[in-house]
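What follows is a set of notes on a single structure, which appears directly below.
The values are calculated or read from the model by the stated rules, or taken from the named source; none is laboratory data. Since the structure is predicted, the reported quantities are computational estimates derived from the model, not experimental observations. A quick note on method: Cβ atoms are made from the backbone with ideal geometry, for glycine too, and the neighbour counts reach across all protein chains shown.
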Amino acid sequence: MPASPALLHDLRQRLSQIERGLGEAAFPPVPLCPALDRHLPEHGLARGALHDVLAADPGAALGFCAVVLGRLETPALWIAPEADAVWPAGLQSLGLCISQLILVRYRRPAEGLWAMEEALRSPGIGGAVLQTSHLDLIAARRLQLAAEATGNIGLLLRPATEVRNPSNAVTRWQAASLPNPQAAPHWQWNLLRSRGGQPTPWQVTCTPGGVLQAHAP
Amino acid sequence: MSRRYLALSLPWLPLDRLRRLDPSLVDRPLASWAIQGPRRQLVAADAPGLVPGQAVADAQAIQPDLVLFPADPAQDAALLERLALWTMRFTPLVAVDRTEGLLLDATGATALLGGEEQFVVAVTNRFRQDGFRLRAAMASIAGAAAALARESRQDRIIPPGQERDAIDPLPLIALRLPPDMIRSLGRMGLHRIGQLCRQPRGPLTRRFGRVLMDALDHATGDRPQPMQPVRPIATFQAARHCLEPIVTRPAIDQAVEALLTEICRALLEASRGARRLTLRAFRVDHHVQEITIGTGAPTRDAAHLVRLFAGKLDQLEPDLGFERLTMDAHSTDTLDGQQSSMARRDGASAADTAALTELLDRLEQRVAVYRMLPMESHWPEYAAAPATPYDRIVLPPNWGNETRPVRLLAEPLALAVTAELPDGTPVQLRYGSHLHRVLYCIGPERLEPEWWGHDAARPSRDYFRVQTAEGPRLWVCRLGEPNVLPPRWFLHGYLA
């Protein structure tokens, strides 16, 4: 008998509950757009988890993180080593409001990881982005545990050269720009890895306000 | 009850400082000198026959084996302030008195050590054990105590009301008058404070001005001088005295937690929350270490404050151990039931807001935390400015509607651009080793500088949104400088 999607979904829910500890309610995922949500096993970007974003192109990767944080509708942290890592006037049109964004600048990589862990452990925010090129599996595991406790979403924004450096993130994306004669952002989001799902390349267009349209070529 | 002041006079402080640094100087004649006008004079001397103010050549003739050091008033002042801080372990109100004295407001503190005599002995013994020579005097008038400490042969305690009699026989130098004035007064037959007090005030004021009367009134208590403590006294204070000096981190943690619990209880009773807290650790060797934390919103949650201190306690150097720890809340705000300092959307619970404030407090101890405040300016880099994370953000209408980069470079990169026409759209961009071919180009968007601002004289800018064949979408700018050919181009940001 072929397994029905509903049955599979139910089983996945129960498994994830067992993994997290019994009796705890699962956090609702962050919706991206209908096509992408249907493809992802959690029906959206899972909360209480880490997601890896590899920047093939700086603008596209920042755009991905901004779109995700904008959908949380709670305060979010952007942790980066530079003061000019992100410009809020450009994020407004991607749906991330300047009033929800708190920026953190760190000097040493260890401080960045510490700040990210503190942020993920706090119930006061919904998610955080960490821009880093220094991440090992132990640090990623600590962040994962911190995110599981509160249901905060953690995005690890790393340079594309880190593709050989694995992490325990639930999904791994590579974001690049695609040529588009119109002004609207047009991206290639390569889903390189997805726990319980299929890796697929996606072409995504973002209209003003952060509404996404995606299709797999 | 009248106030009680303990004055300490440390005239040999510069020499004691040198001897503490180099113990081999202990039994040798020592002096420090400074250049006064054309000649080198002794500032402090510690050998028979030598007095401050003597010429260095004379001093060397009298004491051939004299060890001389140049005077360092800055170091002496720093040491005196450090000693003043350390003396706060006896009483919370301590002031530095000119360059060589300390003044303690001992009101109410003497009983803790068993009486005034025991208090004076306890303070002076601690100084003498560490190699500081001093004289002390306790009285109800700060000026009288200081004068007595300076000119008495031994430590004195003057009962309240007897200060005038006590300072009566003191020489005028005890008032720290300028040397010229003392000489002039001496020519008039006035050598002691008592003689001066019995003179009519009018002629004295006419002859010597206000300085003399001020000094006299401060000493007699007719017009007491206000104290300027080294650290302002905090409304909320807690202190722990350790029987044995504590050295280990767990012991320090425990003491800090106890102090914070005590402070928080006091804050709760007063309906206030702490904004700045200072931990002062008094080391056995006259050293005080201070650690200050600040919070973004008033708080009296001891567990939260313990976490804020936890990261900074590494800076403490216990060395031989701390004998006393104090906690001051020197800045507090009213804090009633709930706090609502953060601008939050409706529906966010107070618990979440409190959690966010706590998170920001923790982060601010180690990393820079800020928000970007939207500004009403069309000039790209002025559209937002950094602000504290607690600033309230009000979005100006239509802010952020223009297409702007998601990353704006703080320092734009100079580009080598090939254009079809000198003032046309770019075809090829190069910066460093990157070469980009232009696929599409939207623009120009011309921005003129704000004539009402500081940089009205800057050239206008033409911005292009460039889609490169390699992928990145760039925001490039051509400066509209007159008489510059070819025009200069810059990469100003990355578009989403």
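What's the total number of residues in the stretch B:370-388 that are under 32 Å from the mean Cα position of the chain (by Cα) and loosely packed, with under 13 Cβ neighbours inside 10 Å?
Matching residues across the stretch B:370-388 total 1.
Looking at this structure, is B:Glu262 modelled with pLDDT of 90 or more and acidic (Asp, Glu)?
Yes: the conditions hold for B:Glu262.
Residues in the stretch A:196-209: is at least one farther than 19 Å from B:Arg473 by Cβ, buried (at least 20 other Cβ atoms within 10 Å of the Cβ) and either away from chain B (no Cβ under 12 Å) or over 16 Å from the mean Cα position of the chain (by Cα) (or both)?
no
Tell me, please, whether a residue that is part of a strand (DSSP E or B) and either of a type in the set (Asp, Glu) or within 21 Å of B:Arg223 (Cβ to Cβ) (or both) can be found in the stretch B:125-137.
Checking the stretch B:125-137: at least one residue is part of a strand (DSSP E or B) and either of a type in the set (Asp, Glu) or within 21 Å of B:Arg223 (Cβ to Cβ) (or both).
With the requirement that a residue be within 14 Å of chain A (Cβ to nearest Cβ) and crowded, with 16+ Cβ neighbours inside 10 Å, what does the stretch B:414-441 give you?
B:Thr425, B:Tyr431, B:His436, B:Val438, B:Tyr440, B:Cys441
Would you pick out the residues in the stretch A:88-147 that are within 12 Å of chain B (Cβ to nearest Cβ), more than 22 Å from A:Glu73 (Cβ to Cβ), assigned to a loop (DSSP other than H, G, I, E, B) and not basic (Lys, Arg)?
Once the filter is applied, which keeps residues that are within 12 Å of chain B (Cβ to nearest Cβ), more than 22 Å from A:Glu73 (Cβ to Cβ), assigned to a loop (DSSP other than H, G, I, E, B) and not basic (Lys, Arg), the stretch A:88-147 yields only A:Tyr106.
Conditions tested, residue by residue: (1) assigned by TED's automatic domain parsing to the domain that holds B:Asp16; (2) surrounded by 14 or more Cβ atoms within 10 Å (Cβ to Cβ); (3) hydrophobic (A, V, I, L, M, F, W, C); (4) at pLDDT 90 or above.
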{"residue": "B:Phe127", "(1), (2), (3), (4)": "yes, yes, yes, yes"}
{"residue": "B:Glu151", "(1), (2), (3), (4)": "yes, yes, no, no"}
{"residue": "B:Gln162", "(1), (2), (3), (4)": "yes, no, no, yes"}
{"residue": "B:Pro169", "(1), (2), (3), (4)": "yes, no, no, yes"}
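Matching residues to (1) over 46 Å from the mean Cα position of the chain (by Cα); (2) among the aliphatic types (A, V, I, L, M); (3) part of a strand (DSSP E or B):
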residue	(1), (2), (3)
B:Asp455	no, no, no
B:Gln467	yes, no, yes
B:Glu470	yes, no, no
B:Cys477	no, no, yes
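State all residues of the stretch B:414-442 that are of a type outside the set (A, V, I, L, M) and more than 53 Å from the chain's Cα centre (by Cα); if no residue qualifies, say none.
Selection gives B:Thr418, B:Glu420, B:Pro422, B:Asp423, B:Gly424, B:Thr425, B:Pro426, B:Gln428, B:Arg437, B:Tyr440, B:Cys441.
Taking B:Asp391 and the conditions (1) free of Cβ contacts under 8 Å to residues at least 60 places away in the same chain; (2) in a loop (DSSP other than H, G, I, E, B); (3) over 30 Å from A:Ser99 (Cβ atoms), which numbered condition does it fall short on, given that it satisfies the others?
Answer for B:Asp391: the failing condition is (3).
Pull up the stretch B:400-409, narrow it to residues that are of a type outside the set (Ser, Thr, Tyr) and surrounded by 12 or more Cβ atoms within 10 Å (Cβ to Cβ), then point me to the one that is nearest to B:Leu373 (Cα to Cα).
Per the stated criteria, the residue is B:Gly400.
At the interface with chain A (Cβ under 7 Å from one of its Cβ atoms) and surrounded by 20 or more Cβ atoms within 10 Å (Cβ to Cβ) - does that describe any residue in the stretch B:390-399?
no
Give me the pairs, please: first residue somewhere in the stretch B:223-252 and touching a residue at least 24 places away in the same chain (Cβ under 8 Å), second residue anywhere and among the acidic types (Asp, Glu), beta-carbon distance under 6 Å, and either six or more positions apart or on two chains.
Qualifying pairs under 6 Å: B:Ala234/B:Asp328; B:Gln237/B:Asp328; B:Ala238/B:Glu262; B:Cys242/B:Glu323; B:Pro245/B:Glu323.
Where residues in the stretch B:102-124 are touching a Phe, Trp or Tyr at 6+ places or on another chain (Cβ under 9 Å) and not in a helix (DSSP H, G or I), which of them is surrounded by the fewest Cβ atoms within 10 Å (Cβ to Cβ)?
Looking at the filtered set, the residue picked out is B:Thr107.
Based on this model, can you work out whether A:Ala49 counts as out of contact with any Leu (no Cβ under 9 Å at 6 or more places or on another chain), without any contact (Cβ under 8 Å) to a residue 12 or more places away in the chain and more than 7 Å from chain B (Cβ to nearest Cβ)?
no
If you go through the stretch B:231-285 one residue at a time, how many are in a strand (DSSP E or B) and either among the polar types (S, T, N, Q) or buried (at least 18 other Cβ atoms within 10 Å of the Cβ) (or both)?
15
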